[in-house]
């Protein structure tokens, strides 16, 4: 059964989508079956994997609302065993459509539970805001991975996200686990980068991954070629950093046992939580 990891930070521009795409690619290259769900209306993860938006194209929006079977919205990427569900601007409209629906926080979770037995990892790229989409993503996930840019504003975003996670745990009775934080856009030549990274490692109350994702031109260019960094520039520092991150995430499997990790009641499937 898949580990379901939401990649989230309520501050934008911290490398969240870059992390979702490239972590997924390297997990697949390590022999894992991976599904990336693009749950951001901007659909940047989808375009980074070569998906072109068409007006009537199927997306995660249709999947969560039951307008299409899950097999119709899951697409292959250029990497073997790395699949994705494209995002869509329609997700912005879903915010309005879901408001008056019962159990509106569980739509993505229902979708994920129909496919999680087919994968080792399901990654969810969440929008950089606190909304019903974000809540759906957190309820669907077992764990949260937090990309943290080496700037002080990003530290403020971490505090807000930790508060949100605690609210999900308390109010929704969902035991969401924090997989860890990953330092992104790191430049060891800059004093600010080194200082912020040091503060994160000293004060973040959960795991901080050893891999540090550098600020790199190749990582910024890869999406314009619709390729993960593993295909665009596999020998670059950014590629090597994401490869290390994937190995660290896989190493966590020893401490993560889905059979013992309770994520629903015995009435699981009714979603009356």
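The values are calculated or read from the model by the stated rules, or taken from the named source; none is laboratory data. It should be emphasised that the depicted structure is a prediction, and the values quoted were computed from it without experimental measurement. Here the Cβ positions follow ideal geometry from the backbone for every residue, glycine too, while neighbour counts run over all protein chains shown.
Assorted remarks:
- The residues in the range 1-33 that are in a loop (DSSP other than H, G, I, E, B) and at pLDDT 95 or above can be counted, and the count is 5.
- Filter pass, residue 250 being touching a residue at least 40 places away in the same chain (Cβ under 8 Å), outside any strand (DSSP E or B) and within 24 Å of residue 4 (Cβ to Cβ): yes
- Within the range 64-80, the set of residues being touching a helix residue (DSSP H, G or I) at 6+ places or on another chain (Cβ under 8 Å) and either under 16 Å from residue 46 (Cα atoms) or not in a loop (DSSP other than H, G, I, E, B) (or both) comprises 64, 70, 72, 73, 74, 77, 78, 79.
- Members of the range 135-154 found to be part of a helix (DSSP H, G or I) and either modelled with pLDDT of 95 or more or in contact with a helix residue (DSSP H, G or I) (Cβ under 7 Å, 6 or more places away or on another chain) (or both), listed by number: 135, 136, 137, 138, 139, 140, 152
- Annotation note: Cβ proximity below 7 Å between a residue of the range 61-77 that is at positive phi and at pLDDT 95 or above and a residue that is surrounded by 18 or more Cβ atoms within 10 Å (Cβ to Cβ) and outside any loop (DSSP other than H, G, I, E, B) (sequence gap 6+ or interchain) occurs for no pair.
- With respect to the conditions (1) in a helix (DSSP H, G or I); (2) touching a helix residue (DSSP H, G or I) at 6+ places or on another chain (Cβ under 9 Å); (3) closer than 22 Å to residue 44 by Cα, residue 110 falls short on a single one, namely (3).
- The set of residues in the range 42-63 being out of contact with any helix residue (DSSP H, G or I) (no Cβ under 7 Å at 6 or more places or on another chain) and either surrounded by 18 or more Cβ atoms within 10 Å (Cβ to Cβ) or within 29 Å of residue 13 (Cβ to Cβ) (or both) consists of 42, 43, 46, 50, 51, 52, 53, 54, 55, 57.
- Out of 42, 53, sole residue that is under 18 Å from the mean Cα position of the chain (by Cα) and assigned to a loop (DSSP other than H, G, I, E, B): 42
- Check on residue 206, assigned to a loop (DSSP other than H, G, I, E, B) and crowded, with 20+ Cβ neighbours inside 10 Å: no
- Residue within the range 121-130 that is in contact (Cβ under 8 Å) with a residue 24 or more places away in the chain, assigned to a helix (DSSP H, G or I) and closer than 27 Å to residue 27 by Cα present: no
- Apart from one condition, residue 234 fits all of (1) out of contact with any helix residue (DSSP H, G or I) (no Cβ under 7 Å at 6 or more places or on another chain); (2) surrounded by 19 or more Cβ atoms within 10 Å (Cβ to Cβ); (3) modelled with pLDDT of 95 or more; the exception is (2).
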